[in-house]
Amino acid sequence: MNNNLEAKLKNLPSKPGIYQFKNDKGKVIYVGKAINLRNRVKSYFVGKGQSAKTTALVSKIHDVELIVTDNEVEALVLENNLIKELKPRYNINLKDDKSYPFIKVTNELFPRIYPTRRLIKDGSKYFGPYTSVQSMKAALRMINQLFKIRSCRLDITQENINKKKFKVCLDFHIKKCDGPCEGIVSKKEYGDMVAEVVKALKGKTDDLIEELNQKMKLLVEELQFEKAAVIRDRLEQLKIISEKQKIVSDDFEDRDIISVAYEAKDSACSIFNVRNGKLVGKKQLRLAIDEGDDLPNIYSAAIKFYYTDFTDIPKEIVVEIEPFDSDILMKWLSQKADRKVKLIVPQRGNLKSLVKMCSENAVLQLKEIQLQKLKNEGQLAYSVAALQRDLHLKNPPRKIECFDISNLQGTDSVASMVVFEDGKPKKSLYRKFIIKEVDGPDDFRSMQEVIRRRYIKVKEGEEKLPDLIMVDGGKGQLSSAIEILKDLGLDNYNIIGLAKRLEEVFLPGESEAASISKTSSGLKLLQNIRNEAHRFAITFHRNRRTKRTIKTELIDIKGIGNSTAKKLLKELGSISQIQLADYDKLTSIVGKSKADLIIKHFGNSNSKE
């Protein structure tokens, strides 16, 4: 510790504020807030049993700079702004450098509604942030379909309307705007419509439906049928939207559910927006964290980042883990919302189930982030990276060989081997097998024969093992294959079985099926491979059976032997074509005497003239 830093630590004030730790180059590496700056800052240098992250931070601190505030809420706001601006190395930050888009309702005589990434304190209302641009566009489409909001950029003031400065545009004539520029719609009527838009954006569709119903009835009583018809059409669309929104609680409360999932330096935050008991939106954040960051700290950062610009703060915020500074956070949010905001950490009941659902979404989002990293690092197919994750493989399964057995009541038993490389079929490496050592319908022994015939080449050094061996079947088929691989003396291989009935994946030594999401790209890849192996085996089996049946029927004709049957099948392709062939055609293929025998056998009407 240098003399300058030591002197500053001795003169720290016992007041609320923020502190900035700087390294030897003067760069801010950490920003924190404190109710008592003296106690908080000193704790970094005198505390024992610090985390690895804190120890690394302290070793790089060369200077400290303070900003004193009037209270802890001011300190929180200032801390958050500085973290966003400076992005210090040891703070949790938003992963995305871009700002998220909002929907803006302008503060004008006749407000406009459009997307923006810039928040300006001009009295306008902002709805968001939308972490998915698609969700924002869907919301804007809904507004444009239901409401006649102007899309022009005209400076519509009462003075300009009185001067008849503007003329209505095409939107008015196609009934997408009510013409405020010419004063055709009053400020009150237009403002009421904008208020309806605001309710829709807040997810208050049920309240809006009830209000519009009352308004429609009043218009009917006043014999204003055209206006009532417009509201009726709007109601029908709103009811469709309302039905699509999932009911998740029966107390009709407004709340946000927040859940965080993290692993090493990867983290994901999922936020469910529940309004009037309905799930009206889902948002996601990515946070840049360090190994050693704990959940209370991550939750605190997520809440601060999300609600800094978010205007629609609900009455309740439901989390899985309480943030370390929850009291200050709730004071800050209550000030922003101008009413009390509660923090809830549920232990049981419906809210606990909601948190679990939100947590599962956060975990899924985290897996997607990890998959994308894997893909970017190794240029892997997305499905291959997903399969590596799902099966917990050390290396990605770039080459997969899958086996399937096909027979009909034990006859004409065959097997197929299909090969997928980087998630795509490699048809030049497909192989067909005729089962030679097994009599009757014994799929287990048939699988053992095929596995031995295929991988004895690996034992002899002619070929290499694939990244993953796959057998079509459950535990029985998998055990049969493993037994043969063991007899061959092979090890360091990966093998699985995929059972048809429930699409379950079985791993060696596991009595229960592996837990893989039904929507996983990895599972879908396995299903595609299995289906391809099944198709290839069935086609091979069908062709063999057909040729055997056709060949037998021809040989049954006295005077027709194997070579003649093969010749006919090669030239004409099938029994039906042989039956339809005329005498001259048959004569040209097998000669007159044999043509006579075939015509006589099939009773062909195309006899010789």
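When you filter the trypsin sites (Lys or Arg not before Pro) in region 172-230 for DSSP loop state and at most 10 other Cβ atoms inside 10 Å of their Cβ, you are left with Lys175. In summary, the lysines within cross-link reach of Lys570, defined as a Cα separation below 30 angstrom excluding same-chain residues under 8 places away, comprise Lys426, Lys427, Lys432, Lys436, Lys547, Lys551, Lys558, Lys585, Lys592, Lys594, Lys600, Lys608.
A Cα-only calculation for region 320-458 places Rg and Dmax at 26.7, 81 Å.
Within region 3-91, the ratio Rg/Rh, alpha carbon atoms throughout and Rh by Kirkwood, equals 0.94.
Dimensions of region 143-191 based on its C-alpha atoms, expressed as ranges along the principal axes with the largest first, amount to 31, 23, 17 Å.
The alpha-carbon of Lys33 sits under 13 angstrom from the alpha-carbons of these aspartates and glutamates, leaving out residues fewer than 8 places away in its chain: Glu65, Asp70, Glu72, Glu74, Glu79, Asp325. In this model, which of Lys304/Lys356; Lys282/Lys352; Lys104/Lys163; Lys125/Lys163 are farther than 25 Å apart at the alpha-carbon? Distance filter (> 25 Å) returns Lys104/Lys163; Lys125/Lys163.
Given axes a ≥ b ≥ c from the Cα gyration tensor, I'd like to know whether the chain is rounded (a/c under 1.5), prolate (a/b larger than b/c) or oblate. Oblate, because a/c is 1.5 or more while a/b does not exceed b/c. Separation of region 465-529 and region 322-369, taken as the distance between their Cα centroids, equals 40 angstrom.
Pairs over the 23 Å Cα-Cα cut-off, from the set Lys486/Lys518; Lys137/Lys239; Lys27/Lys331; Lys475/Lys518; Lys283/Lys342; Lys175/Lys202: Lys486/Lys518; Lys27/Lys331; Lys175/Lys202.
Each label was represented as a point 7 Å from its Cα along the Cα-to-Cβ direction; for Thr55 and Leu154 these points are 7.0 nm apart.
A short reminder: the numbers here are calculations on the coordinates, not readings from a lab. Treat the numbers as computed from the prediction; the structure is a model and nothing was measured. Note that we place each Cβ from the backbone using ideal geometry, even for glycine, and neighbour counts take in every protein chain shown.
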